[in-house]
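A quick write-up on the structure given underneath.
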2 protein chains.
Amino acid sequence: MNAAIIVAGGSGERAGFDGGKQLLMIAGLPLLAHTISAFELCAAVDEIVVVAHPDRADEYRRKAVEAIGAGKVSAVVGGGDTRQESVAAGLGAVSGDADNILVHDGARPLITPDVIGLAVEALAADVSLDGVVVGHPAYDTLKVVDAGRKITGTPDRSLLWVAQTPQVFRAEVLRSAYAAAEASGYTGTDDASIVEHFGGVVAMVQGPTDNMKVTVPEDVIAAEQLLRARLEGGGDG
Amino acid sequence: MNAAIIVAGGSGERAGFDGGKQLLMIAGLPLLAHTISAFELCAAVDEIVVVAHPDRADEYRRKAVEAIGAGKVSAVVGGGDTRQESVAAGLGAVSGDADNILVHDGARPLITPDVIGLAVEALAADVSLDGVVVGHPAYDTLKVVDAGRKITGTPDRSLLWVAQTPQVFRAEVLRSAYAAAEASGYTGTDDASIVEHFGGVVAMVQGPTDNMKVTVPEDVIAAEQLLRARLEGGGDG
């Protein structure tokens, strides 16, 4: 069985969202409710654990879970000071019989049931893999810089991918990587980097280009437009 | 004196823009006219060369140069099959007495005179540099993959920057790097990578987060919103 952890533990206030971004109304629903809805509607997902701002778990449950009748949500738990601690808190609430665990950013409300299902299938289809990450080839030219911002290299763009979420892992691999990271103090920028660091084999799966993360207030305009266009167009997910 | 090459030589039709993207009306003006206007209004820019789609140079001149009375535009020349060939065509039309040459993507209409001026000043302020590139630290987690899309590494994000434009170079350095690239067949993903490849020293300069490139049709919505918000707000550029 497959369990999803939706990480919405940050306050978002540092990025200019007074009162946080997860309950911001976008196209008629709180941002986080759009995200949870995609997992609720994905047949490949059996259980959902929401990691909320530690002071606001009840409010998140009421406005983003109960408001949409998301029956797969088994727990809404409070997050930690960092994303990694929030995911760890979510792992503690996932059922012990989960075979695979998906981790997804609450602030990526444009994810669709189709793409979630695609990621789960990609992991199931290749026994050599411990995990898969939804993303896309890098469009931007990236530069490696030194401490003085002088460019020391232009990596070959054809080998660079942008890592987004969902990221899907074999449950025992993700749990043991997180335990090892906690024991050693290792921190990674995403879940895959923690699994990679402790020897896991992870591959990229190509997702759509619009799976944006709402990070700064100007992103809300784009997310609203994209969600409205999808609702009006009948949608592909 | 400082000359700018605005590269608008691609058709954009492959990305889903019927009739090209450069003359698409956004917030009341053709996309390319917004871009040219920022350079026209920047006191640090003395000359502008526009590289247009080879079949449509007259139309670009009429609709994106004459329509806004851009008096600094000395030439509208036809581009080549690749971006690199288009920049080379622009270089051929830049006055011989230019001390510095700026290269900018026509499809980045949100650039402002302030940011262009900042880039010119950054190069002028450091004699050890051959060029500067406007961009910002990478927000996304990037992955290096192999041919099978398996992740082989997660580069340290704190050392990665996204390279945008304008990119500003000492004129003789840019001209000789382009000559060397043409002689050797070297191709780069941006102008800085060509200068870097032939030994030039280039640094990043931090620009704003909204200097987006209109690449796919959905980008037009975001560009329109951002330009309208700026026009209505009185603007910072």
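The values are calculated or read from the model by the stated rules, or taken from the named source; none is laboratory data. These numbers come from a predicted model, not from an experiment. Positions of Cβ are backbone-derived with ideal geometry, glycine not excepted, and every protein chain shown enters the neighbour counts. All accessible areas refer to the heavy atoms of the entire protein, side chains included, with ligands and DNA or RNA removed. Shrake-Rupley method; radii C 1.70, N 1.55, O 1.52, S 1.80 Å.
Some points to look at:
- Theoretical FRET efficiency, 1/(1+(r/R0)^6), r = Cβ-Cβ of A:Glu121 and B:Ala179, R0 41 Å, to 0.05: 0.20
- With the convex hull of the Cα atoms taken as the outline of the protein assembly as shown, the averaged projected area works out to 22.9 nm².
- The helix-only estimate of mean residue ellipticity at 222 nm for the protein assembly as shown, built from DSSP H runs of length n ≥ 4 each weighted as -39500 (n - 2.57), is -9500 deg cm²/dmol after division by the residue total.
- Each chain gives up part of its surface: A and B jointly bury about 3300 Å² of accessible area, both sides summed, for a 1.4 Å probe.
- With a cut-off of 14 Å between beta carbons, the residues surrounding B:Ala75 carry a summed charge of -2, where Lys and Arg count +1 and Asp and Glu -1.
- Ligands, DNA and RNA are left out, and with a 1.4 angstrom probe the accessible area of the range A:50-184 is 40 Å² per residue.
- Within the same chain, lysines fewer than 8 places from B:Lys143 are excluded, and of the rest, those with a Cα less than 19 Å from its Cα are A:Lys143, A:Lys213.
- Among the chymotrypsin sites (Phe, Trp or Tyr not before Pro) within the range B:79-169, those in coil by DSSP and having at most 15 neighbouring Cβ atoms inside 10 Å are B:Tyr139.
- Those aspartates and glutamates that a straight Cα-Cα span of less than 17 Å connects to A:Lys150, excepting residues fewer than 8 apart in one chain: B:Glu121, B:Asp126, B:Asp130, B:Asp156, B:Asp190, B:Asp191, B:Glu196
- Hydrophobic, long helices, defined as DSSP H runs whose alpha-carbon span along the helix axis is 15 Å or greater and whose mean Kyte-Doolittle value is at least -1.0, occur in chain A at A:83-93, A:113-124, A:171-184, A:217-233.
- Carbon plus sulfur fraction of accessible area for the range A:1-135, probe 1.4 Å, in percent: 48
- Cα-based shape type of the range B:1-70, given that a ≥ b ≥ c are square roots of the gyration tensor eigenvalues and the cut on a/c is 1.5: prolate
- Solution diffusion estimate, µm²/s, Stokes-Einstein, the range A:2-233, Kirkwood Rh from C-alpha pairs, 10 °C, viscosity 1.306 mPa s: 88
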